[in-house]
Amino acid sequence: RDVPVHTWVLTAVLGIGLGVGWVLLTGAAVARSYGIALGAGVVGSRMLRDGIGIPLGGVILMLVPAVIVRLLRPSSREALDGFMVGALGALMFTAAATLTRLAPQFGSGVVSKRPMDSLLVEAGIRGVAVPLAAAAAGGLIGAALWFKRPPSKEKQHPGAVRALLVIFAVAVLAVYLGLGMVDVSHFPQVLMLVLYLAVAAVALFLLRVGLHLALLHEAH
């Protein structure tokens, strides 16, 4: 109720537009890496590009909606509103990117020569772990951008809480990027799923701690 409808619409549209655009720009490279069974090895420049470059670009674009909305000077400056904007933008980006990347399967079908356990692992990663980690990181950045100390606490290290929120988000994103290398390396598929789910769990824990700090130190 505190945030205008056009703010939510703008956040969602930015996330979807950036997600679709990023996949269309990098789709050929990602498709080639997905053409290899999940967990198969890729070396050299393709590992740097597919394992680091593409995920890094996606992570940066994922946070853009929250940054743009914040630059437009929103009427509300509560940390929970920032969390909602950041999480929404990240989720819209991730959902749009995933759906765009998998859209060709509507024509070719989802059944392939890959074993069922491989498909289930990918579903767990793309459908559960990645969206959770993305929402947590985006929410932390949004909370940091919206966080504001009340006048009574402006002299009490005003940047400390915001810095912690950013550090938590960067930690999530750093591990998230590290998993990009796992995607293109020789790792057992079940281990990949466990690693992704562990990152999602850590991301949610850091989000919980970060939001708690923000709520304790902003205006009640």
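When the surface is traced with a 1.4 Å probe over the full set of protein chains, Leu120 keeps roughly 110 Å² accessible. Highest mean first, the peptides 61-70, 137-146 sorted by other C-beta atoms within 10 Å per residue fall in the order 137-146, 61-70.
Using the average count of surrounding beta-carbon atoms within 10 Å as a protection proxy, the listed peptides 198-205, 98-105 rank, highest first, as 198-205, 98-105. The Val64 and Leu102 beta-carbon pair, evaluated with R₀ = 25 Å, returns a calculated FRET efficiency of approximately 0.65. The modelled label-to-label distance between Leu24 and Ala174, using points 7 Å beyond Cα along the C-beta direction, is 3.6 nm.
Testing the spin-label approximation: label points 7 Å from Cα along Cα→Cβ at Val209 and Ala160. State their distance in nm. For Val209 paired with Ala160, the spin-label model returns 1.6 nm.
The values are calculated or read from the model by the stated rules, or taken from the named source; none is laboratory data. In this text, all values refer to a predicted model and were calculated from it rather than measured experimentally. Note that we place each Cβ from the backbone using ideal geometry, even for glycine, and neighbour counts take in every protein chain shown. Just the protein is used for accessible areas: all its heavy atoms, side chains included, with ligands, DNA and RNA removed. Shrake-Rupley method; radii C 1.70, N 1.55, O 1.52, S 1.80 Å.
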